[in-house]
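All remarks here apply to the structure that follows.
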Amino acid sequence: MVPNRDLDMIVSNIGITPDLSAIYTSNSAMHTAFVQVSLKEEHEVGSYEYMERLRRKLANDLAQVSAYFQAGGLVDSVVNQGVPAPLDIQVSDSDLGEAYAIAQKMALKLKGSQNVSDVLIPQDIDYPGLELNIDRQQASLLGLTPRDVVDNVITALTSNGMIAPSYWVDPKTGNNYMLTVQYSNEKVGSMTMSDFRNIPLRATASKSYTPLQSVGQDRADETRQRKWITTN
């Protein structure tokens, strides 16, 4: 939509990494993204015109995508001098599903207004996942605490960077490097539910191992057609 004569740079930020960098992203899950586009200083068409063209193109070709456009720069995003500022509406409820339903109704109503260009609900409660419920009694009999179980699973799938960070200091340069341990990307990418249930657990005060399935049992979730680790 933007010709080369006007386009300078595109930076795509896709998904989210379960580490400290998650604090600095607006993405809510692996299937969300934000794309930053920079135009050349001598661009012939204005930013708002390109935004409108992209808005129409996405609405026609990818109607299932929820898109939100915002101009960049210090003035537009912070000071907003003479530029329409984004309106933030927050819904609070003890029931997350109910709050999301209210937000959807509000978004549908706002989209019908001629004065509203884009509406976005940043939270997403429908992203597929696995729920881990720990049988505390069974875990205690095996010498495991709920924290031991969670730490072992997190380390296997996303590394120990968040729960037990370890650093190595280069003696020549003095630079710090984080050392992490986890399953290889190939192992995680091809992992089956049988592999997941057999993730080895080790108690903090013990050297013995036991599989994850020893502290829970799985059942079929008819809605998502996935296996969930649950308890009796």
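Against the condition exposed (fewer than 13 other Cβ atoms within 10 Å of the Cβ) and of a type in the set (A, V, I, L, M, F, W, C), how does Val45 come out, does it pass? So Val45 does not fit the description; no.
If Asp148 satisfies all but one of (1) modelled with pLDDT under 85; (2) surrounded by 15 or more Cβ atoms within 10 Å (Cβ to Cβ); (3) not basic (Lys, Arg), what's the number of the condition it fails? Checking Asp148 against (1) modelled with pLDDT under 85; (2) surrounded by 15 or more Cβ atoms within 10 Å (Cβ to Cβ); (3) not basic (Lys, Arg), the one that fails is (1). Just one of (1) at pLDDT below 90; (2) open to solvent by 70 Å² or more (accessible area, probe 1.4 Å) fails for Ala203. It is (2).
The C-beta contact set for the range 31-42 (first residue touching a residue at least 24 places away in the same chain (Cβ under 8 Å) and open to solvent by 60 Å² or more (accessible area, probe 1.4 Å), second residue of a type in the set (A, V, I, L, M) and outside any strand (DSSP E or B), distance under 8 angstrom, 6+ apart or interchain) comprises Val37/Val2.
Take the residues in the range 174-196 that are part of a helix (DSSP H, G or I) and of a type in the set (S, T, N, Q), then tell me which one is farthest from Ser214 (Cα to Cα). Only one residue tops the list, namely Asn185. Would it be correct to say that Leu132 is open to solvent by 50 Å² or more (accessible area, probe 1.4 Å), touching a strand residue (DSSP E or B) at 6+ places or on another chain (Cβ under 8 Å) and modelled with pLDDT under 85? Answer is yes for this residue.
One residue stands out among those in the range 123-152 that are out of contact with any helix residue (DSSP H, G or I) (no Cβ under 7 Å at 6 or more places or on another chain) and in a helix (DSSP H, G or I): the one that is farthest from Ser66 (Cα to Cα), which is Leu141.
The values are calculated or read from the model by the stated rules, or taken from the named source; none is laboratory data. This is a predicted model, so every value here is computed, not measured. Reconstructed Cβ throughout: ideal geometry from the backbone, glycine too, with neighbour counts over all protein chains shown. Accessible surface areas use protein heavy atoms only, side chains included; no ligands, DNA or RNA. Shrake-Rupley method; radii C 1.70, N 1.55, O 1.52, S 1.80 Å.
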